[in-house]
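Taking it in order: structure first as structure tokens, then the write-up.
The values are calculated or read from the model by the stated rules, or taken from the named source; none is laboratory data. For clarity, every value in this text was computed on a predicted model and none was experimentally measured. Protein only, heavy atoms only, side chains kept; ligands, DNA and RNA dropped before computing areas. Shrake-Rupley method; radii C 1.70, N 1.55, O 1.52, S 1.80 Å.
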Amino acid sequence: MSARTMAGVALTACVALAVGACGPEKSEESRDDAGATSSQPPASTTKAPAPSATPSASPRTEKPSPSPTGSTSAPRTTAGAIQRYEVFLHAVGHEDIDTVCDVAGPAAKQAEDEGLGPCTSTFLVTFKMISPAQKKALQTATVDPRRVVVRSPAEVEIPAGAIKASMTFSEDELGDSTLEYLKNDWYITD
């Protein structure tokens with residue numbers, strides 16, 4: 001699989017670093033057990049994972065719903081694809097694994113089927129490889145619509161050069177991404 005998407009980059013880099021590191025991550029139960037030794041009283045009925053020496057994904061970033069029905073799907077337009085990809089970029093910057101794996105789900109599933117591990121494991125490795133300055137830049141990154149290639153009404157390609165951020169990202173760092181309109185929303189498929 002080529003490194004044309006952030007998911008592809010993550011999965012390829014994961015293989016290059018250490019195949020063993022891309023296996024299934026610790027279960028929630030093992031993280032909870034580690035957190036049980038904390039001297040802080042629980043804030044709610046669920047325990048927060050114990051701090052560790054390795055970076056982990058931060059809590060899911062809450063995004064306002066674009067419609068009164070609670071649907072978060074993007075419209076089937078080029079602007080909708082751009083909006084969805086920007087959500088992905090911001091989620092990578094915030095280490096929001098849920099959103100990253102939602103938007104990149106089809107591409108990540110294809111890579112997983114090829115033996116590279118589940119999205120939640122491989123992107124956690126990717127988060128560790130992205131510098132704090134790059135993460136901060138991705139949190140507010142936008143896409144230049146003039147550089148987006150429309151393949152069909154349901155498929156667009158967003159080249160790495162279309163990403164506008166406070167720092168420049170090379171094609172090797174982000175890659176080009178293909179988004180397709182599937183199940184009433186835009187998803188990264190390659």
*For Lys128, Lys136, give the ranking by accessible area with the largest first, probe 1.4 Å.*
Lys136, Lys128
*Going down the list Lys109/Lys135; Lys128/Lys183; Lys135/Lys183, which pairs span over 27 Å between their C-alpha atoms?*
Lys128/Lys183; Lys135/Lys183
*With the full set of protein chains in place, find how many percent of the accessible area of the stretch 111-151 is carbon and sulfur; take the probe as 1.4 Å.*
53
